[in-house]
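J.: Below is a structure I'd like to ask you about.
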Amino acid sequence: MAILGVADHSSSSSSSHGPQKQQQLTSATCKEPAASPESSKEEEEELKGVRHLCERGITALPPRYVLPPSDRPAPAPARGIPVIDLGRLRSPVASERAAELAAMDAACRDLGFFQVVNHGGVDSAMMLDVARRFFALPQEERERHMSPDIRAPVRYGTSFNQLNDGVLCWRDFLKLLCNPAKMDDVVPSWPHNPADLREVMSSYARANQRLFRELISAALEAMGITGGGVLEELDNGTQMMMVNCFPACPEPDLTLGMPPHSDYGFLTILLQDQVNGLEVNDGQDWLLVDPLPGALIVNVGDHLEIFSNGRYKSVLHRVRVNSTRSRISVASLHSLPSERVIGPAPELLADGIPRRYLDTDLATFLDYLSSAEGKHKTFLQSRRITLPSS
Ligand code: OGA
Ligand code: NI
C-alpha cells in the first residue's frame, strides 16, 4: 500500500508529518473492520470520490473526513509569494537577468515556493476548462478510469493515499503519467471524453516540460552546476500530472483537500483556478498563497533539496477547501528517471563541504514508507545526515 504514495503523488506524504500521521495511523488502526453491510456500503461510496458524495446531496461531512482538532485548518493570512518574471530571466541585458536569477535562487533557498509570470506558451485557461468539464462528467464516465493498478499511466481516484488514509481528504484527482520521452506512447490511453482532453492536456503537459527545463537550467546555473549531464537526464526523466478537483465542502473547517506533504521530485509547477486554497508552511505558520492572476506557482521538491545538498528547501504544504466554491488545480511534478540514484551534486561537495543527505532511490523511498521510521518523520528527515556542530 505504501507504493500508492509514490504512484499517486510522488510526494513524501503526510507520513512525512509526525504528529498528524500518528493520529491518522491511530484512527486507521482503531477503525473496526466493516461492522455492518451499511458501513461497508458507505465506505464503498466514499471510495467513489467526493464529487460523488456531493452529487448524492450530503449536507454534513461524513465521519471519515473529520480531522482531529489539532490538524484542522485555522484561518490563515493570505500571502503573495516571490514573483519571478520569465521575461527578465530571458533578458539579453546581463544585469537584469542576473538580478532575476538571484531572486529565484533566494526564493528556492528561503520559502521553497515562488510564482512565475510572463511564462507565455502555457495555455492555462484551456487546461482548467477541460479539467472542469472532465470532473463534470457523470460518475459512470469518470469511474471508467478508476484502476486497482496503482502504476497505471492514467488513473482516477480520491483522497490523498486512498487505501492508506486514516482520515480521508476532500479531493478527487485524475493522474496522468507523461514522461517527456514517452508522451506519444501514453496519450492514447488518456480519457477520450471530453473529446478535446487528450489534445489540450498533452499540449499543456509539453508546455510544462519546456517551462520546467527553463527553470531547472536557471536553478542549476545559480548553484554553479554546469556539467554532469543532469539536464539530459531530466529530459528522459519522469513527469506526473495530477489534475485535482476540490468540490465545495459542507464543513470545510473540519477537513483538508490535501494533508501536509512535500512533493517528491525536483520542481512542481502548479496551476490553480481563481479559488485559493494552497497553504505553505514557513516553518512557523500556515500561509494561504494568493498568486497574481495568470501566474503559475512553482515549488522545490525533495529530490532538489537533496541534489542541492540542502541549499534549496522542499517545504510542507497542504490544501484547504471552502463551503461555496469548487476548486481545480493541476500539479505537474518533474524529476530524474525513477531508477536514478539521487544524492548531492558533486560540484556542491567540493572544498570539503560535507554532504548533508544520504543517496536515495525509489526502492529506499518504498522501504522507508513501510518502515517504523516512516511513522515518525518525513522522508527527507530520514535522508538527512546530522553533522556534528562546530
Ligand atoms: C499537489 C499539491 C496543491 C494544490 O498536488 O501535490 O500540493 O493547491 N497541490 O492543489
Ligand atoms: Ni504538493
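The values are calculated or read from the model by the stated rules, or taken from the named source; none is laboratory data. Note that the coordinates shown come from a computational prediction; the quantities given were computed from them, not determined experimentally. Every residue, glycine as well, gets a Cβ built from its backbone with ideal geometry; the counts of neighbours run over all protein chains shown. With ligands, DNA and RNA removed, areas are computed over all heavy atoms of the protein, side chains included. Shrake-Rupley method; radii C 1.70, N 1.55, O 1.52, S 1.80 Å.
J.: Counting just the residues of the range 250-260 that are open to solvent by 10 Å² or more (accessible area, probe 1.4 Å) and not aliphatic (A, V, I, L, M), which one comes out nearest to ligand 1 (Cβ to nearest atom)? First the steps, then the outcome.
T.: The first filter runs over the range 250-260 and keeps only residues open to solvent by 10 Å² or more (accessible area, probe 1.4 Å), leaving 250-254, 258.
Going one step further and asking which of them are not aliphatic (A, V, I, L, M), we end up with 250-253.
On the way: 250: 20, 251: 20, 252: 14, 253: 18 Å.
Top of the filtered list is 252.
J.: When you scan the range 355-366, how many residues do you find that are touching a Leu at 6+ places or on another chain (Cβ under 9 Å) and open to solvent by 60 Å² or more (accessible area, probe 1.4 Å)?
T.: 2
J.: Also, quick follow-up: Might you let me know whether the range 315-338 holds any residue that is open to solvent by 30 Å² or more (accessible area, probe 1.4 Å), away from ligand 1 (no atom under 16 Å from the Cβ) and modelled with pLDDT under 95? Break it down stepwise before answering.
T.: Narrowing the range 315-338 to residues open to solvent by 30 Å² or more (accessible area, probe 1.4 Å): 316, 320, 322-326, 338.
In the following step, the residues that additionally are away from ligand 1 (no atom under 16 Å from the Cβ) were identified as 323-324, 338.
Filter once more, so that each one left must be modelled with pLDDT under 95: 338.
Yes, the range 315-338 has at least one match.
J.: Given the structure, is residue 323 within 16 Å of ligand 2 (Cβ to nearest atom) and in contact (Cβ under 8 Å) with a residue 24 or more places away in the chain?
T.: So residue 323 fails the test.
J.: Go through the range 172-242 and tell me which helices (runs of 4 or more DSSP H), entirely inside it, have 1 or more residues that are over 25 Å from residue 308 (Cα atoms) and away from ligand 1 (no atom under 16 Å from the Cβ).
T.: Details: elements: 183-186, 197-223, 230-235.
Counting at least 1 such residues, we get 183-186, 197-223.
J.: Going by the structure shown, is residue 236 open to solvent by 20 Å² or more (accessible area, probe 1.4 Å) and either closer than 24 Å to residue 169 by Cα or charged (D, E, K, R) (or both)?
T.: Working: open to solvent by 20 Å² or more (accessible area, probe 1.4 Å): yes; either closer than 24 Å to residue 169 by Cα or charged (D, E, K, R) (or both): no.
The answer is no for residue 236.
Results for (1) buried (at least 24 other Cβ atoms within 10 Å of the Cβ); (2) within 15 Å of ligand 2 (Cβ to nearest atom); (3) modelled with pLDDT under 95, shown as yes or no for each residue.
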{"site": "199", "(1), (2), (3)": "no, no, no"}
{"site": "210", "(1), (2), (3)": "no, no, no"}
{"site": "219", "(1), (2), (3)": "no, no, no"}
{"site": "223", "(1), (2), (3)": "no, no, no"}
{"site": "228", "(1), (2), (3)": "no, no, yes"}
{"site": "248", "(1), (2), (3)": "no, no, no"}
{"site": "262", "(1), (2), (3)": "yes, yes, yes"}
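J.: Now a separate question. All but one of (1) of a type outside the set (Val, Ile, Thr); (2) more than 11 Å from ligand 1 (Cβ to nearest atom); (3) in contact with a helix residue (DSSP H, G or I) (Cβ under 9 Å, 6 or more places away or on another chain) hold for residue 284; state the number of the condition that does not hold.
T.: It is condition (3) that residue 284 fails.
J.: Ok, one more. Going residue by residue through the range 99-116, is there one that turns out to be within 25 Å of the chain's Cα centre (by Cα), farther than 14 Å from residue 216 by Cα and in a loop (DSSP other than H, G, I, E, B)?
T.: Yes, because at least one residue in the range 99-116 is within 25 Å of the chain's Cα centre (by Cα), farther than 14 Å from residue 216 by Cα and in a loop (DSSP other than H, G, I, E, B).
J.: Answer with yes or no whether residue 308 is at pLDDT 95 or above, more than 14 Å from ligand 2 (Cβ to nearest atom) and closer than 30 Å to residue 350 by Cβ. Steps first, answer last, please.
T.: Values: at pLDDT 95 or above: yes; more than 14 Å from ligand 2 (Cβ to nearest atom): yes; closer than 30 Å to residue 350 by Cβ: yes.
Against the criterion (at pLDDT 95 or above, more than 14 Å from ligand 2 (Cβ to nearest atom) and closer than 30 Å to residue 350 by Cβ), residue 308 qualifies.
J.: Quick check on this structure: which one of 57, 87 is outside any strand (DSSP E or B) and within 30 Å of residue 167 (Cα to Cα)? Steps first, please.
T.: On the way: 87 fails: within 30 Å of residue 167 (Cα to Cα).
Exactly one residue qualifies, and that residue is 57.
J.: Looking at residue 160, is it within 16 Å of ligand 1 (Cβ to nearest atom), touching a residue at least 40 places away in the same chain (Cβ under 8 Å) and part of a helix (DSSP H, G or I)?
T.: Details: within 16 Å of ligand 1 (Cβ to nearest atom): yes; touching a residue at least 40 places away in the same chain (Cβ under 8 Å): yes; part of a helix (DSSP H, G or I): no.
So residue 160 fails the test.
J.: Can you pull out the residues in the range 293-305 that are at pLDDT 95 or above and either more than 17 Å from the chain's Cα centre (by Cα) or within 19 Å of residue 84 (Cα to Cα) (or both)?
T.: Those that are at pLDDT 95 or above and either more than 17 Å from the chain's Cα centre (by Cα) or within 19 Å of residue 84 (Cα to Cα) (or both): 295, 296, 297, 298, 299, 300, 301, 304.
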